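Scroll down for the structure; my scribbles are underneath it.
The values are calculated or read from the model by the stated rules, or taken from the named source; none is laboratory data. Remember, it's a predicted structure, so these values are computed and weren't measured experimentally. Neighbour counts run over all protein chains shown; Cβ positions are idealised from the backbone, glycine included.
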Amino acid sequence: MIPLEWMPPLMFAGLIVFMLIGFPVAFSLMAAALFFSVIAISEGFFGMPFLQAIPQRIFGSVLANDLLLAIPFFTFMGAILERCGLAEEMLDSMGQLFGRVRGGLGYSVIIVGFILGAITGTVAAQVIAMAMIALPVMMRYGYNMRYATGVLAASGTITQLVPPSLVLIVLADQLKTQSGSADVGSMYLGAWGPSLLQIALFALYTFFLSRIRPDYLPVAPESDLTLKGWVLWKKCLLGIIPSAVLIFLVLGTIMTGIATPTESGAMGAMGALLLAWLRRASISNLRGLIQEAYQNTMRITAMVVFILIGSTCFSVVFQGVDGGQWVEALFADLPGGWVGFLIIVNLFVFFLAFFLDFFEIAFIIVPMLAPVAVKLLSPVLLDSMNGNPQAAASAALVWFGVMLCVNMQTSFMHPPFGFALFYLRGVAPKEVKSSDIYWGALPWVGLQLIMVAVVIAFPALVTTLLEKPAAVIQSQDFNFTNDDESKSESPSKVDEDAPVTFQLDKPVK
């Protein structure tokens, strides 16, 4: 006889076992759900009809979820922009613009990484494209190899946080509770503050390093700075203006309420195709580029859907054995209140990111933590949301989601499974040592963890741009009639001469 309270931790242990055997994550989730559902039914924790919830959830929350349609659109847009030469032109023009500044190539990589992050939304495309373009130039100028590889990887992972990040879309879909939910538009608004501050932190680190170790970040030689004046600014604008138009198509339409995330993603995909067509002279095989983008989109979308189906199976069985109550009891009683909860959760996610991809963390862990986050974080934001409990609950989920997004950037950066480091190793020249790539990533991981601490300490950084609801109002009845009539009993039938009752609203003091 297995006690019910043992089942949730056993399910997590079983999931780890299936993954260690070598099962893909999606099928490990399904296998763990099936295995422990058999045990739960045999022990009488729930009956066979309970499993009918699995296909209902798959069809209702996965296959019929309009929000998830945005994922292939944004993936396709990023795949097109990765190969159309926009990144190369922007890096070249920005490098010329900042070339006379010590560490100018570092600033160029950070700024271009931010702009590309706002129009592509995919880490792999950005790291590979920027490393192939900028790393040889940084090596030729004599940049410190650890700084060069670190700034390239870090500026690629900022894509996860800068809207229209795929991570923010997935988190918005998973951060849903009975008290409130985080929609995509709110997640995008909440992510702007941390993303801009993180870019500032990266630039500040580059500035201080250029002052402490000037030999690490040399000035570009004058012979390479061939563009000056209006010609240089024109080349910069030719890269920035199309990017700004795409950013408005994707983000502006969502934030202004003109389009849904799926519709804005479709417009972004069409905008990327149009931009590729306009740049067809510099693209050797436009048709092949589009076909490759389609294939890449299909692979990523299929992976996401299978992981989501597996996590749905696991989640249903986990809830059937009171896993939600177990998680709430595990995190709600932590010392330090909501601060202790956020510190423990961020440490937990940080170490999980050593082994799991951000999709897996978002689909498996986030739905379990969301109810606890609402319960502990909503009171913190209640005053800033004008005392509206539902608005505070939704803002708490946005704050929590953006915080996890900042944290999960590190999953691409830290050893041993940082995918950004793998992408960088794959395209870096042979003379670049793997040790330089790994050691070079550590300062930037530290900067990302500083951003996590800042977001915990200053929730207004996330919630300032969110819509503030009107103050909650309560009703008070006023009966306009004389005292004698008010004392008489109300008639059982509608009477034209009966006193009229007006309901006025006044704000709560």
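Observations on the model:
- Out of LEU196, LEU201, one residue alone is touching a residue at least 24 places away in the same chain (Cβ under 8 Å) and part of a helix (DSSP H, G or I). It is LEU201.
- LEU189 vs. criteria at pLDDT below 85, surrounded by 19 or more Cβ atoms within 10 Å (Cβ to Cβ) and closer than 30 Å to ALA395 by Cβ: no
- Only one of the listed residues (MET7, MET30, MET48) is modelled with pLDDT of 80 or more, more than 30 Å from TYR188 (Cα to Cα), out of contact with any Asp or Glu (no Cβ under 7 Å at 6 or more places or on another chain) and surrounded by fewer than 13 Cβ atoms within 10 Å (Cβ to Cβ). That residue is MET48.
- Residue that is surrounded by the most Cβ atoms within 10 Å (Cβ to Cβ), among those in segment 247-279 that are closer than 24 Å to MET94 by Cβ and at pLDDT below 80: VAL250
- Residue-level check: of (1) farther than 17 Å from VAL151 by Cβ; (2) at pLDDT 80 or above; (3) touching a helix residue (DSSP H, G or I) at 6+ places or on another chain (Cβ under 6 Å), ILE365 misses just (3).
- Yes/no for LEU171 being crowded, with 23+ Cβ neighbours inside 10 Å, under 13 Å from LEU397 (Cα atoms) and in contact with a strand residue (DSSP E or B) (Cβ under 9 Å, 6 or more places away or on another chain): no
- Test for LEU251: is it within 21 Å of GLY268 (Cβ to Cβ), in a helix (DSSP H, G or I) and not β-branched (Val, Ile, Thr): yes
- Looking only at residues of segment 425-440 that are over 20 Å from VAL137 (Cβ atoms) and not aromatic (Phe, Trp, Tyr), we find that the one that is surrounded by the fewest Cβ atoms within 10 Å (Cβ to Cβ) is SER435.
- Checked against the criterion of being of a type outside the set (Ser, Thr, Tyr), closer than 30 Å to PRO163 by Cβ, outside any helix (DSSP H, G or I) and modelled with pLDDT under 80, segment 64-75 has at least one qualifying residue.
- Flag for VAL219 being among the aliphatic types (A, V, I, L, M), farther than 30 Å from ASP66 by Cα and not in a helix (DSSP H, G or I): yes
- For ILE2: the one exception among (1) in contact (Cβ under 8 Å) with a residue 60 or more places away in the chain; (2) over 27 Å from MET187 (Cβ atoms); (3) of a type in the set (Val, Ile, Thr): (1)
- Every residue from segment 83-112 that is free of Cβ contacts under 8 Å to residues at least 60 places away in the same chain and not in a loop (DSSP other than H, G, I, E, B): ALA87, GLU88, LEU91, SER108, VAL109, VAL112
- Flag for ILE343 being over 21 Å from THR177 (Cβ atoms) and either buried (at least 20 other Cβ atoms within 10 Å of the Cβ) or within 23 Å of the chain's Cα centre (by Cα) (or both): yes
- Test result for LEU238, assigned to a helix (DSSP H, G or I), among the aliphatic types (A, V, I, L, M) and under 30 Å from LEU442 (Cβ atoms): no
- Contacts under 6 angstrom Cβ, first residue in segment 52-66 being more than 17 Å from ALA26 (Cβ to Cβ) and exposed (fewer than 15 other Cβ atoms within 10 Å of the Cβ), partner at pLDDT 75 or above and among the polar types (S, T, N, Q), 6 or more apart: ASP66/THR262
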